[in-house]
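Reviewing the structure listed below.
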Amino acid sequence: MNKKKVLSIHKKPSAHWVGDGFPVRTIFSAFGDPASRFSPFLLLDYAGPKEFPPSNTPRGVDEHPHRGFETVTIVYQGELEHRDSGGNQGKIGPSDVQWMTAASGVVHEEKHAREFTQRGGTLEMIQLWVNLPAEFKMSAPRYQELLGRQIPLVRVADGGGTARVIAGEFQGQKGPARTFTPVNLWDVRLKAGHRLDVTLPSGYTTALFILRGKVRLSSSETAGEVDLVQFERDGEQLTMDAEEDSSILVLNGEPIDEPIASYGPFVMNTQEEIRQAVDDYRSGRMGRLH
Ligand code: MN
């Protein structure tokens, strides 16, 4: 089998606030990239780690819509609350994941959980946007709350770490997330001096986001904290050697070879569909929060 080659290592992400609760660094954004090198992934935002003082008013993002894709929220530290127009409500904390399929349209708010807000503490989370193929963009919304205990854990040899399988499959363990196209999403913790060998399908988009630590990739390049490593689509084999205790998010997915038209929280295939989305939201056809 062929080794996967590093295509590029992205450093120095741009920082901004999303609402008053999420100090975000955008690790990658597929918008404006005509080559769609990240497909099926659209965006990766990394919030924190940041300490918030106690407060009585939950910080976050007020009511807003989405259409045409999925938002995947992974909490590392802190606690979030979600409420949407489909009547879904949830609270997720460290090791939990929320996989929300906006599809034809969802209106939601994303906030720090009330108790977390009152207590204060550190927030660290990721939000990944996953595109939907055209045939599912107008399907019914769906909400999957994947609690830590539902996410299978693969142990690295010699106590060298763990890989939590959120979506897809790793070493015979299947992740609980239901996806519309093939996606592997793994939360890997690797201790200094240990190695993880992975085999991934050739032809898929593959990227590693290093939240913490330092990792040597297939015995050549080294990536550090908050680096995003993108690999060539060819090749199946990838070796990670942790030079420090590392936390790594593995992203791998079959590209969706379709045009992208986007505007803020809407990701469709044509400008006409974007105009329709704006119109549907304004006239309340994506629903409301109750
Ligand atoms: Mn949102």
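See the values below:
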{"item": "Odd one out for Thr71 among (1) closer than 24 Å to Ala167 by Cβ; (2) of a type outside the set (D, E, K, R); (3) in contact with a strand residue (DSSP E or B) (Cβ under 7 Å, 6 or more places away or on another chain); (4) away from the ligand (no atom under 15 Å from the Cβ)", "result": "(4)"}
{"item": "Hits in the stretch 1-27 - residues which are farther than 18 Å from Asp234 by Cβ and in a loop (DSSP other than H, G, I, E, B)", "result": "Lys11, Lys12, Pro13, Gly19, Asp20, Gly21"}
{"item": "Of all residues making up the stretch 89-106, the number that are within 13 Å of the ligand (Cβ to nearest atom) and over 24 Å from Asn269 (Cα atoms)", "result": "1"}
{"item": "Hits in the stretch 28-55 - residues which are buried (at least 16 other Cβ atoms within 10 Å of the Cβ), modelled with pLDDT of 95 or more and part of a strand (DSSP E or B)", "result": "Phe41, Leu42, Leu43, Leu44, Asp45, Tyr46, Ala47, Phe52"}
{"item": "Wholly within the stretch 126-220, strands (runs of 3 or more DSSP E) carrying at least 2 residues that are closer than 22 Å to Ala30 by Cβ", "result": "161-167, 183-190, 205-212"}
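The values are calculated or read from the model by the stated rules, or taken from the named source; none is laboratory data. Quick caveat: nothing in here was measured; it's all calculated off a predicted structure. For neighbour counting, all protein chains shown are included, and Cβ atoms are generated from backbone atoms with ideal geometry for every residue, glycine included.
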